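The values are calculated or read from the model by the stated rules, or taken from the named source; none is laboratory data. Values in this document were obtained by computation on a predicted structure and should not be read as measured data. Cβ coordinates were reconstructed from backbone atoms using ideal geometry, including for glycine residues, and neighbour counts include every protein chain displayed. The accessibility values were calculated without ligands, DNA or RNA, using every heavy atom of the protein model including side chains. Shrake-Rupley method; radii C 1.70, N 1.55, O 1.52, S 1.80 Å.
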Amino acid sequence: MMATACTTMNDNPLMKTPFQTDYNVPPFEEIKPSHYVPAFEQAIDDARKTVDLITANRADATFQNTIIPFDRRDEHLNRISNVFFNLRESDVTDTLNVIANTVMPMLTKYHDETYMNASLFSRIKTVYDNRMNAGLDSSQIRVAELYYRDFVRGGALLSPTDKEKLMKINQELSLLSLKFGNNLLAETNKFQLVIDTVADLAGLPDGVIAAAAERAANAGKPDKWIFTLQKASMIPFLTYSEKHDLRKQIYDAYANRANNGGETDNKDIVIKLANLRAQRAELLGYKSHAEYVIEENMAATPEAASDFLRELWTPALQKAKAELRDMKDFAWRYNHTANIEACDWFYWAEKLRKAKFDVDETEISQYFALPNVRAGLFEVAKKLYGINFKKLENIPSYNHECAEVFEVTEKDGSYLGVFYFDYYPRESKSAGAWCTTFQSALDNFDGTRTAAQVSNVCNFTAPVGNQPALLTYDDVETMFHEFGHGLHSLFSKGYYRRTCGEVPRDYVELPSQIMEHWPNEPECLKMFAKHFQTGEAIPDALIEKLKRAGTFNQGFATVEYLAASILDLKWHSISSKTVVNDANAFEAEAMKEIGLIDEILPRYRSTYFSHAFNGGYSAGYYVYMWAELLDCDAFAAYKESGDIYNQELAASFRKNCLAEVGEAEAMVQYTKFRKQKPDVKYLIEKRGLSEIHPVYRPAVQQPISTPAQ
């Protein structure tokens with residue numbers, strides 16, 4: 001029925017190639033929900049026809065007549081998918097959810113029938129078997145090898161019966177994953193902490209109160225204040241509110257999302273997803289989903305990933321316990337508080353940090369007005385890579401109220417790409433922060449280049465009245481992080497979709513996380529951290545406070561992250577025969593095994609662990625820490641050179657670790673830049689674990705503070 005809503009394909013803006021817009025960006029204002037399903041149907045049909053032409057070719061299979069057309073078969077389908085799924089994350093509606101439930105099975109079916117196509121696989125295998133004797137260059141050999149592996153992992157070697165089983169599993173997984181995400185968004189949006197007395201605002205900064213008042217006014221509740229489970233609203237409340245009972249109320253609501261029974265409960269979905277993934281892995285010859293996933297990563301095996309996490313776990317847990325002792329001692333001396341719960345950690349950590357280092361997050365945020373931070377991003381990119389950003393007006397955008405668009409050019413003025421920035425929360429927007437593309441970069445065989453169209457999406461506290469959005473220091477790091485992903489997309493080079501910009505999952509956070517190092521440097525901070533009212537640069541004294549407080553609370557941050565990573569691997573290491581009746585009990589047992597303390601929850605509990613259950617990071621949440629090993633080592637090269645803007649190093653990093661990274665194994669590309677394999681000591685130092693880690697403990701140890709219990 002949806003397909004008939006659009007009269008002809010000529011009327012469908014999604015079917016025009018290229019789009020009839022400046023910079024070939026999607027014509028967002030012209031796209032209607034009724035356009036999506038017909039566009040998907042047509043693009044899938046066109047891709048199928050390309051596959052049919054490949055398999056109908058009577059000539060011997062070669063790289064030219066098989067791999068190249070196969071590599072480019074989905075150009076239009078990918079373009080439509082990028083538009084639809086990006087908008088569904090940033091501006092979801094019930095209509096888009098209905099369309100997603102229609103489209104996902106279509107895409108899953110198309111993917112499965114492609115990678116289980118015996119005739120197509122036969123031609124791919126011929127190219128693969130002859131790759132060393134066909135005059136192919138190293139890039140072409142790699143592409144042939146990767147596609148052969150993709151087909152095997154996609155079920156090409158299975159019997160017809162097992163192929164049917166696999167297709168059924170994949171269909172069910174796609175719909176369950178959608179349901180998980182929809183439930184989580186619904187549960188996140190439905191909770192509101194409504195405050196109607198001034199006394200209950202005790203401790204909250206003026207900006208936080210003003211944002212809550214504006215939120216309430218927009219909800220038709222004047223003279224009240226609303227706090228939500230969006231982190232931009234919740235974290236300041238947990239950090240500053242003097243009311244333990246209210247902190248507990250909002251924290252418990254966050255920690256029990258999709259864990260409350262009813263239609264939006266995710267407990268059974270989590271169990272089904274884990275079990276179906278285990279079934280699929282075993283069908284393909286793997287012991288577990290974790291083994292299936294990590295085979296393609298730098299870690300190579302679940303054991304290697306687990307060993308890496310557990311190497312950090314013991315010192316991180318010791319540090320977190322020491323932090324808890326310090327907070328308990330401080331809380332007792334502060335107001336005779338004897339007990340600290342999980343909902344209290346942010347509050348007492350901030351109190352202790354302010355007392356210990358004289359650092360006030362509210363004071364810090366005055367220097368981090370969002371427009372200034374973004375200007376800092378642009379200047380760092382210019383100093384490193386010579387690129388420039390120019391704001392574009394009157395260009396199609398999916399949300400003119402929140403998203404701004406910039407043209408990106410090289411030092412010589414040549415066009416590099418388009419960059420969207422969308423920073424503020426909406427009820428229609430998923431929680432968190434991410435980078436995506438509306439169009440991926442690619443070098444074309446005719447000498448032209450398809451430029452990237454990148455989008456950074458976040459959920460920072462919005463401006464209030466005439467006051468700009470003021471960011472926390474964590475927000476600043478997030479902004480630099482997502483920008484790093486964007487640079488990777490902009491710089492990616494290569495002639496083949498299979499390798500252009502494509503990296504293992506445990507490498508993908510290197511381009512983003514390395515960017516977080518620059519705002520830690522005084523030289524960089526003073527460039528953009530200006531007081532939003534006076535324009536004064538951030539004082540040296542405040543920078544020094546930030547530096548001294550740099551490893552404060554890192555035990556907590558490391559433990560909550562590692563706990564979630566271990567939980568993810570635990571879920572995805574089960575066999576299909578493992579009986580899990582209770583998702584909460586499974587989680588509790590996993591956390592008991594590693595000795596997680598009651599005062600810290602894993603960063604993501606199972607029922608809202610979107611990375612693992614609908615975000616593409618299943619058996620892969622560990623990758624952020626793995627990439628931190630790389631980014632700490634990589635930034636050390638800049639520091640050791642004496643110039644954090646060392647353009648020679650930046651050129652090498654851009655070439656080997658961003659632009660051409662897909663051309664070889666990730667560690668090979670990394671060592672081309674670093675001239676050595678990464679050393680974990682830089683990660684240990686950054687996290688403040690060197691005094692506890694058994695290998696990197698300093699020769700002269702300082703005793704860990706043990707205040708009164």
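The charge dipole of the chain, taken about its Cα centre with unit charges on the Cβ of Lys, Arg, Asp and Glu (plus for the first two, minus for the last two), comes to roughly 880 debye. About its Cα centre, the range 21-107 has a charge dipole of approximately 300 debye under the convention of +1 per Lys or Arg Cβ and -1 per Asp or Glu Cβ, with nothing else charged. The phi-based Karplus calculation (6.51 cos²θ - 1.76 cosθ + 1.60; θ = phi - 60°) puts the 3J(HN,Hα) values of the range 181-189 at x, 5, 4, 5, 4, 4, 5, 5, 7 Hz, whole numbers, x for Gly and Pro. For the range 347-403, a/c is not less than 1.5, where a ≥ b ≥ c are the root eigenvalues of the C-alpha gyration tensor, and a/b does not top b/c. That puts it in the oblate class. With the cut-off at 1.5 for a/c, could you classify the range 73-162 from its C-alpha gyration tensor as rounded, prolate or oblate? Cα axes put the range 73-162 in the oblate bin. Pairs of lysines in the range 489-638 whose Cα atoms sit within less than 18 Å of one another amount to 5, provided the residues are eight or more positions apart or on different chains. For the range 300-311, 3J(HN,Hα) computed residue by residue from phi via the Karplus equation (6.51, -1.76, 1.60; θ = phi - 60°) reads 6, 9, x, 4, 5, 5, 5, 4, 4, 5, 6, 4 Hz, glycine and proline entered as x. Against the chain, whose longest principal axis is taken from its Cα atoms, helix 231-240 shows a tilt of about 20°. Across the range 60-71, rounded Karplus estimates of 3J(HN,Hα) from the backbone phi angles (6.51 cos²θ - 1.76 cosθ + 1.60, θ = phi - 60°) give 4, 5, 10, 4, 5, 8, 10, 5, 4, x, 5, 4 Hz, Gly and Pro being marked x.
What does the accessible area per residue of the range 29-92 come to in Å², with a 1.4 Å probe and no ligands, DNA or RNA counted?
Value returned for the range 29-92: 43 Å² of accessible area per residue.
Taking N as the residue count of the chain, its C-alpha radius of gyration divided by 2.2 N^0.38 Å amounts to 0.96.
The modelled label-to-label distance between K382 and E640, using points 7 Å beyond Cα along the C-beta direction, is 3.1 nm. Annotation: per residue accessible area for the range 494-545 equals 37 Å², rounded to a whole number [probe 1.4 Å, protein chains only].
The long axis of helix 33-56 is offset from the longest Cα principal axis of the chain by roughly 50 degrees. Projecting the Cα positions of F70, T95, L53 onto the charge dipole of the range 1-100 (unit charges on Cβ atoms of Lys, Arg, Asp and Glu, taken about the Cα centre) puts L53 furthest along the positive direction.
Here the range 188-305 is treated with +1 on each Lys and Arg Cβ and -1 on each Asp and Glu Cβ, and its dipole about the Cα centre works out to around 180 debye. Extension gain, E393-E536: 0.36 nm per intervening residue step, less the Cα-Cα distance, totals 48.5 nm.
Taking a point 7 Å out from the Cα of E685 in the direction of its Cβ, the residues of the range 288-323 whose backbone N falls within less than 19 Å of it are 312, 316. Our summary gives the chain a relative contact order of 15 percent, counting only alpha carbon pairs under 8 angstrom and 6 or more residues apart. Each of the peptides 649-655, 583-589, 410-416, 511-517 was scored by the mean count of other Cβ atoms within 10 Å over its residues; in descending order, highest first, they stand as 511-517, 649-655, 583-589, 410-416. The trypsin sites (Lys or Arg not before Pro) found in the range 568-641 that occupy coil by DSSP, while having at most 11 further C-beta atoms within 10 Å, are K577. Ligands, DNA and RNA are left out, and with a 1.4 angstrom probe the accessible area of the range 313-417 is 43 Å² per residue. Towards the positive end of the charge dipole of the range 414-529, with charges on Cβ (+1 Lys, Arg; -1 Asp, Glu), say which of G494, N459, V508 has the farthest Cα. Of G494, N459, V508, it is G494.
What shape does the range 37-83 have by the C-alpha gyration tensor, where a ≥ b ≥ c are the square roots of the eigenvalues, rounded means a/c under 1.5, and otherwise prolate means a/b greater than b/c and oblate the rest?
Oblate, since a/c reaches 1.5 and b/c is not below a/b.
Volume per residue for the range 120-206 equals 175 cubic angstrom (convex hull of Cα atoms). Taking each of K411/K655; K16/K411; K319/K356; K224/K354; K655/K677 in turn, the alpha-carbon distance tops 24 angstrom for K16/K411; K224/K354.
By the rule of a C-alpha distance below 20 Å, with chain neighbours fewer than 8 residues away ignored, the aspartates and glutamates paired with K248 are E187, D196, D200, E341, D344, E350, E560, D598, E599.
Working with all protein chains in place, sort W345, W434 by solvent-accessible area computed with a 1.4 Å probe, largest first. Mind showing how you got there, number by number?
Working: W345 0, W434 50 Å².
Descending accessible area places them as W434, W345.
Counting protein heavy atoms only, the chain has 49 percent of its accessible area on carbon and sulfur, 1.4 angstrom probe. Two decimals is fine: what is log10 I(q)/I(0) at q = 0.21 Å⁻¹ for the range 565-650, from a Debye sum with one equal scatterer on every Cα and no solvent? Per q value, in the given order, log10 I(q)/I(0) is -1.00. Of the peptides 657-667, 41-51, the ranking by mean beta-carbon count within 10 Å, highest at the top, reads 657-667, 41-51.
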